[in-house]
Structures are given as structure tokens and as C-alpha cells.
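The values are calculated or read from the model by the stated rules, or taken from the named source; none is laboratory data. If you're wondering where the values come from, they're calculated on a predicted model, not measured in any experiment. Note that each Cβ is placed from the backbone with ideal geometry, even for glycine, and that neighbours are counted across all protein chains shown.
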Amino acid sequence: MRKKRSDKRRTMADPRFNDVMIAKFVNNIMIQGRKNTARKIVYEALDIVGKKTETDPIEIFRKAIQNVSPAIEIRPRRVGGATYQVPMEVREERRSALAIRWIKKYASERRDRSMASKLASELLAASNGEGGAMKRRDEMHRMADANRAFAHFRW
């Protein structure tokens with residue numbers, strides 16, 4: 001008999017902005033348990049965004065996450081010896097996780113001096129609907145659209 005699923009752990013809100021999403025972002029940026037370093041990078045990036053736009057950096061951050069979040073993705077489904085790429089809707093929790101992961105990845109690939117400035121420029125680009133993370137989301141949507149014929153294999 002299988003064991004029951006463990007309960008989801010809730011992420012504590014960020015101490016500076018009192019926002020759970022920023023806390024998740026900090027946790028994703030963190031390497032080898034260095035949370036203070038990760039917080040410093042994220043806060044500095046948000047400060048840079050605030051100075052550049054002269055608006056609330058949290059709003060820019062939320063808009064970037066919302067823009068990058070994918071609505072549909074393709075998942076492999078095996079039917080009778082063949083594997084089909086089936087387009088499926090993405091759960092809300094996974095949407096934000098993918099968005100955070102993509103923003104971090106494409107920010108680190110940028111050519112700025114510090115990680116904070118890379119992150120700030122990627123957040124600004126994502127909030128304006130451009131940048132590497134947005135390209136990744138659009139690519140995922142295109143793939144799902146191309147495989148729409150297999151949507152009836154959804155489970």
C-alpha cells in the first residue's frame with residue numbers, strides 16, 4: 001500500500017518586502033545555502049529596477065513573472081508504443097516556478113558585470129515582454145500549438 005502524500009510546505013514571506021513570491025525567487029537564486037548572498041543579489045536587482053523605472057520594483061517583478069509564466073506546455077504521453085507530445089495546461093504553482101527558473105537562467109547568461117545587474121535587466125526585459133525568458137515561453141507555446149492534434153490524448 002502506498003503512503004499518503006506529504007503536505008506542501010508553505011514558503012515564509014520575504015522579510016523586506018513581505019512577499020512570498022520574492023522569497024521563492026531568493027530561494028531559487030540561492031546557491032549552496034547562502035541565503036544572505038542571494039537576498040543581497042535580489043534586493044540589489046530590485047533597487048536597480050526601482051531606480052531605472054522610478055516605479056515600485058515589486059510591480060515590475062510581478063509583471064515580469066506574469067509575462068513569462070507559460071499557459072500550456074507539452075508533456076510526453078505513451079500510447080501503444082508511440083510517444084506523443086501532448087499539450088496540457090500548466091498548474092499555477094508550476095507556472096510561477098518555471099517563470100522564476102527561466103528568468104534566473106537567462107539573467108545569468110547576460111553580459112553584465114554583476115548578477116544583480118543581470119537580474120535587473122532580465123526583469124525589466126521580461127516586464128516589457130522581451131528577453132530570453134519571454135522567448136522561451138513563446139517557444140513553448142509554439143511547440144504546444146504545433147502538437148495540438150494530439151490534445152485528445154490528454155489524461
Applying the selection to the stretch 31-71, what residues are assigned to a helix (DSSP H, G or I), small (Gly, Ala, Ser) and in contact (Cβ under 8 Å) with a residue 24 or more places away in the chain? 45, 64
Being over 14 Å from residue 63 (Cα atoms) and among the aliphatic types (A, V, I, L, M) narrows it down to one residue among 146, 125, 133; which is it? 146
Yes or no: residue 7 free of Cβ contacts under 8 Å to residues at least 60 places away in the same chain, of a type in the set (Asp, Glu) and either within 24 Å of residue 105 (Cβ to Cβ) or assigned to a helix (DSSP H, G or I) (or both)? no
Suppose the filter is surrounded by 15 or more Cβ atoms within 10 Å (Cβ to Cβ), more than 11 Å from the chain's Cα centre (by Cα) and modelled with pLDDT under 95; does residue 74 pass it? yes
Restricted to the stretch 77-94 and to residues being exposed (fewer than 15 other Cβ atoms within 10 Å of the Cβ) and within 19 Å of the chain's Cα centre (by Cα), the residue nearest to residue 145 (Cα to Cα) is 89
Looking at 101, 110, can you tell me which residue is modelled with pLDDT of 95 or more and surrounded by fewer than 19 Cβ atoms within 10 Å (Cβ to Cβ)? 101
If a residue has to be farther than 17 Å from residue 69 by Cβ and surrounded by 13 or more Cβ atoms within 10 Å (Cβ to Cβ) to count, how many in the stretch 113-123 make the cut? 7
For the stretch 10-21, what are the residues that are hydrophobic (A, V, I, L, M, F, W, C) and without any contact (Cβ under 8 Å) to a residue 60 or more places away in the chain? 12, 13, 17, 20
